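Data first, discussion second: the structure below is written as structure tokens.
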Amino acid sequence: MTSELSYTHGTGPTALLGDTIGANLDRAVAAWPGREALVDVSAGRRWTYAEFAADVGRLARALLAAGVAKGDRVGIWAVNCAEWVLVQYATARVGAVMVNINPAYRTHEVEYVLNQAGITLLFASVRHKTSDYRAMVEEVRTRCPRLKETVYIGDPGWAAFTDRGSAVHEDELRAREAELSCDDPINIQYTSGTTGFPKGATLSHHNILNNGYFVGELVAYTEQDRVCIPVPFYHCFGMVMGNLAATSHGACMVVPAPSFDPAATLEAVQQERCTSLYGVPTMFIAELNLPGFAEYDISSLRTGIMAGSPCPVEVMKRVVAEMHMAEVSICYGMTETSPVSLQTRVEDDLEHRTGTVGRVLPHLEVKVVDPVSGVTLPRGTAGELCTRGYSVMLGYWDEPEKTAEAVDAGRWMHTGDLAVMREDGYVEIVGRIKDMIIRGGENVYPREIEEFLYAHPKIRDVQVVGVPHERYGEEVLACVIPLDPADPLTLEELHAFCRDRLAHYKVPSRLQILENFPMTVSGKVRKVELRRTYGS
């Protein structure tokens, strides 16, 4: 008897949405104008759906007044705040392509993104922790000729910019919206590549609105839900699985703090009576281990989403028992697939929630193939996980060759992850074909860091690998062959070189000085041996 193949597709009673994001928001406003749409807890601000739509409209008209055309790229380089959400929905209403920029980026990275995407207008935080965004923009501005204007959130310039919207009639905005298609590109999210700089995954209204909607459907969101979103908006996790899942169901988006803070998160859940909480496993661990955790009243929770890396069994048990999240869901995906392809269901048992990443979403297909031949493998056999359907990106921005490497002629997105499909259709992720490092839910690609470190005057050669870390899952180890063995690089020198030019999660936390690298017979570095030898 032939084993069933590792292929499955999602079905369901609910049809795909054909809306643009703006039209979908209009429907939510018409249905629930007086319900709360957005709460920025740390700033003490809140909006009903009617108020939120009015502010989105005002900002959208200001974009028109600023000359933003359909398809223009508008960047946002900011921590979580209400303005981030307003920019997300306002750019969608005018058909601009919002470009998410990681707030941890430094000048080296932001300069590349501004130029590669051709950003003409940038919204940015003023500063956060050690990041002075205004100073960094000033440093790179002369090298970014397409950038015409920067608007700083929390600065008088924000109000001055939004005030421009009063000069534009609502009819102009409606005329622009009438020109938009749900298949238009609406968002670029940079995902680190294996060959140097990150690639801009380009996503449409159809991609991300439907993905957010169906993720919300699978945790049974209604207008009664209040979703606490401590995960960053610059990721799909925050802006799609969080914001779009909420607004497509009339639920409330609750922003606990500008960046993750376990106490602020639990306080927000308690104060706002949140019914859903998001996070990567390390966030939930931090919340559970917070002194005084038991004193928070978080009994309003019923569900939530955990993603980014596998959840340990004991952590899941505590999340269900002590955080009241009996219906918590595990999601798996990647930026290029908007992001979620697989998700556990509310009725799934503990083993499925910790041993798998769920089963395919409605209207999507997944398969596991031989990475070399592309042939679909029998269930129970490890191979490369591929996804097809409405969620697959339009492509990498202005990089058709890299797009063709990732999305094949049959429109299958090749994830690069090794997976096993069980007989029941649930999928286990068992490894990575490429050498991607996942540090606390952040994807880190060694080649990008290696390319950067080659510029250090003390480095002759460098290999970057991920090694186990108790808190973050993995940490970044740089294995360096020094130019002068008598004067090797120190960890302090390495950190100083990286500090203002690489995002903090990419900076190697460990350094190993070597005379040479272990090599294969064909002359390739054996990274697996570096991990095994120096990973403890």
Mean separation of Cα contacts under 8 Å (at least 6 apart) over the residue count of segment 422-514, i.e. the relative contact order in percent, is 25
Distance in nm between Ile513 and Ala50 label points, each 7 Å along Cα→Cβ, equals 6.9
Summing +1 per Lys or Arg and -1 per Asp or Glu among the other residues with Cβ less than 14 Å from Met421's Cβ gives -4
With the charge dipole of the chain built from beta-carbon charges (+1 for Lys and Arg, -1 for Asp and Glu) about the Cα centre, the Cα from Ile208, Ile229, Leu491 projecting farthest to the positive end belongs to Leu491
Once amide hydrogens are built 1.01 Å from N within the peptide plane, the residues lying 5 or more places from Thr48 or on another chain with amide H under 5 Å from its amide H are Ala37
Taking 289-297, 401-409 and ranking on average Cβ neighbours within 10 Å, highest first, one gets 401-409, 289-297
Inter-part gap, Cα centre of segment 314-342 to Cα centre of segment 140-194, in whole angstrom, is 33
If every Lys and Arg gets +1 and every Asp and Glu gets -1 at its Cβ, then about the Cα centre segment 245-401 yields a dipole, in debye to the nearest 20, of 420
Here, GluC sites (Glu not before Pro) of segment 445-522 satisfying both criteria (DSSP loop; at most 14 other Cβ within 10 Å) are Glu470, Glu515
In units of 2.2 N^0.38 Å, the Cα radius of gyration of segment 394-481 is 1.37
Check: C-alpha center segment 353-427 vs C-alpha center segment 38-73, spacing in Å is 36
Most packed first (mean Cβ within 10 Å per residue), the peptides 476-483, 410-417 order as 476-483, 410-417
Counting sequence-distant residues (5 or more places) and residues on other chains, those with an amide H built under 5 Å from that of Thr381 are Met421
Of all chymotrypsin sites (Phe, Trp or Tyr not before Pro) in segment 448-536, the ones in DSSP coil with at most 13 other Cβ atoms within 10 Å are Tyr454
Contact order relative to length for the chain, counting C-alpha pairs under 8 Å separated by 6 or more residues, stands in percent at 14
Counting Lys and Arg as +1 and Asp and Glu as -1 over every other residue whose Cβ sits under 12 Å from the Cβ of Thr337, the net charge comes to -1
With a Förster distance of 35 angstrom and the Cβ-Cβ distance between Tyr534 and Asp398, calculated FRET efficiency to the nearest 0.05 equals 0.40
Expected unfolding gain across Val313-Glu492 under the 0.36 nm per residue rule, minus the alpha-carbon gap, is 60.7 nm
Segment 370-416: relative contact order from alpha carbon pairs under 8 Å, six or more residues apart, as a whole percent, is 40
Here the cysteines of the chain lacking a cysteine partner under 4.7 Å (Cβ to Cβ) are Cys81, Cys144, Cys182, Cys236, Cys252, Cys311, Cys331, Cys386, Cys479, Cys498
Length gained if Gln270 through Arg27 is fully extended, taking 0.36 nm per residue and subtracting the Cα-Cα distance, is 84.5 nm
Listed by chain and number, the residues whose amide H is under 5 Å from that of Ala96, excluding neighbours fewer than 5 places away on the same chain and using placed H, are Gly71
With x for Gly and Pro, the residue-by-residue ³J(HN,Hα) of segment 384-400, computed from phi through the Karplus equation 6.51 cos²θ - 1.76 cosθ + 1.60 at θ = phi - 60° and given in whole Hz, is 7, 7, 10, 10, 9, x, 4, 7, 5, 3, 5, x, 7, 4, 6, 9, x
If the chain between Glu179 and Arg526 were fully extended at 0.36 nm per residue, the gain over the current Cα-Cα distance would be 119.6 nm
For segment 351-428, whose charge dipole is built from +1 on Lys and Arg Cβ atoms and -1 on Asp and Glu Cβ atoms, the candidate among Cys386, Val420, His352 with its Cα farthest towards the positive end is His352
Residue-normalised 222 nm signal for the chain, counting each DSSP H run of n ≥ 4 as -39,500 (n - 2.57), nearest 500 deg cm²/dmol, is -8500 deg cm²/dmol
Along the dipole axis of the chain (charges at Cβ: +1 for Lys and Arg, -1 for Asp and Glu; origin at the Cα centre), the most positive-end residue among Ala96, Ser329, Val315 is Ala96
Once Lys and Arg are counted +1 and Asp and Glu -1 for all other residues with Cβ under 11 Å from that of Arg73, the total becomes -1
In debye to the nearest 20, the charge dipole size for segment 396-501, taken about the Cα centre with +1 at each Lys and Arg Cβ and -1 at each Asp and Glu Cβ, equals 40
Answer in debye to the nearest 20: the dipole magnitude of the chain about its Cα centre, from +1 Lys/Arg and -1 Asp/Glu charges placed on Cβ, is 500
Filtered pair list for the chain (Lys only, Cα < 20 Å, 8 or more apart or interchain) has a length of 12
Rh (Kirkwood, all Cα-Cα pairs) for segment 141-211, Å, reads 15.8
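No lab work stands behind these numbers, since they all come straight from the coordinates. In this text, all values refer to a predicted model and were calculated from it rather than measured experimentally. Counting neighbours? That spans all protein chains shown, and the Cβs are built from the backbone with ideal geometry, glycine included.
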